[in-house]
Amino acid sequence: MDLTSAKIKINRWLIVAILGLTWGFSYEPPYIRYTFHEQLVDLCGYTDVQLGLMLSVYGTAALVFYVIGGVSADRFSCRSLIVTSLLATSFGCGIMALYPPFWVALSVEFLWVITTIALLWSPVAKVAALLGTQKEQGKILPMVSSFEGVGAFITTFTATFVFSKIGADTNPNSLRIVWIVYAVWGIVIAVASYLFIPARTLYEDKAVTEKATLTAAEKEQKKKENRGVLGQVLRNPMTYIAAFIVLGSYIVYSCLTYTQSFLCDMYGMDMTTASYFSIIRNQVMKIVAGPLSVVLMSTAILKSSPTRLCIVSGFLSVAGLVATMLMPANPAVLPLLMGVAIILSLFALLGKSNNFACTGETGVDPKIFGTMTGVVSLIGYSSDTWIYTVIGSWQENLAPQIAYNRIWYLAIFGCALMAGSGLALIFRLKKSQKA
């Protein structure tokens, strides 16, 4: 349904919540092995190598489809892309409920690359960013990230709860029901997306009105400009500055996923505690980071700037990483170190929840925002192609203390890249304002 500008403003936070839920749900099926690894092996018969290959295919193919998704977001209805994505993801869940052979499961994983990256990622980011002004993006995008955490938590908790109630590992059909639960969530969110996400954003609504007043010559000029959108984005130095902010933030986030194994290996944390710790460190802190970042950006120091918050996040994360490395290797400090790790995760997530808001702060033309988001995502998430392999080799070939210190040094590099790129963006913005 089309919404007027007034209605979009009234329903904006409901739309933000639904956009966050779409992201939160959609990435759970491709990464289901993080929750149901043993069940995929025991009930479906997949090997550890096959499960690893499925994620490798997803991560590698995703890099190509980020750009395709960005261009699609600028050319087609974002709402239609989002609804199609959710329904197709649910269809994939339905296939997986049949416990298919590995080659079919691998094909479904590739399908999810298309549904989550090509059809969902950039369209959601574009709709969220264009729900308000550039200054308002610093509030909107972090809240989308927060609701992403809510969506991931609700869908995974529901699936896990149902799994436990129907016999868990003792019921050979239990994982089928898990897939069906995910499929139902996808359909429910797809219906909500169709009902509440506007067919046109505020910018697009205005653009349609302006288009009606254009002459034939002006329309032809517009078409020529649209054909060169990708070139415009690639020639814009702001694209690469924004991309390095995302890359630095994502390197930090990726390194911190090893916090749980670090505490288990070096400080003897038991697996039960590790499970609860992981939920608090990741999902709970992701939910907290969005609203907290909005509050922090209202301060005089940050001046409603997501880029400034990313810079502060980078410096605070370095302090947390240094504190982690200076802790003595004594199990007695485990409770203190767990607290430091949770706070460190919050610092990192403050930056991660705002890194795409920095793209909006570059002053990018709204009509090419989707394409720019795709290119920024391609560069920003490119560390997926090497970071886990490199860290895995450190863990296999080096003493634990040395391996984890290298991980923390790599995270510090990510902090420096994020903060340095943020400073470069602010410098260029000030320079352009003076000009």
Would you work out what percent of the accessible area of region 314-435, with all protein chains in place, is carbon or sulfur (probe 1.4 Å)? 67 percent
Tell me, what is the 1.4 Å probe accessible area of Val188, in Å² to the nearest 10? 80 Å²
Starting from the Cα coordinates of the chain, work out the convex hull volume and express it per residue in Å³. 148 Å³
Counting only C-alpha contacts under 8 Å and six or more residues apart, can you give the relative contact order of region 77-129 as a whole percent? 60 percent
So if I average 1/r over every pair of distinct C-alpha atoms in region 333-435 and take the inverse, what Kirkwood radius in Å does that give? 16.5 Å
Helix hunt in the chain: which complete DSSP H runs extend at least 20 Å axially by C-alpha with mean Kyte-Doolittle at least 1.0? 12-26, 48-75, 78-96, 174-196, 237-256, 306-326, 334-352
Accessible area of the chain divided out per residue, in Å², using a probe of 1.4 angstrom: 44 Å²
Can you list the chymotrypsin sites (Phe, Trp or Tyr not before Pro) in region 371-409 that are in a DSSP coil and have 12 or fewer other beta carbons within 10 angstrom? Trp386
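The values are calculated or read from the model by the stated rules, or taken from the named source; none is laboratory data. Please read all numbers here as calculations on a predicted model, not as lab measurements. Here Cβ is always computed from backbone atoms with ideal geometry, including for glycine, and neighbour counts include all displayed protein chains. Just so you know, the surface numbers come from the protein's heavy atoms only, side chains and all, with ligands and any DNA or RNA stripped out. Shrake-Rupley method; radii C 1.70, N 1.55, O 1.52, S 1.80 Å.
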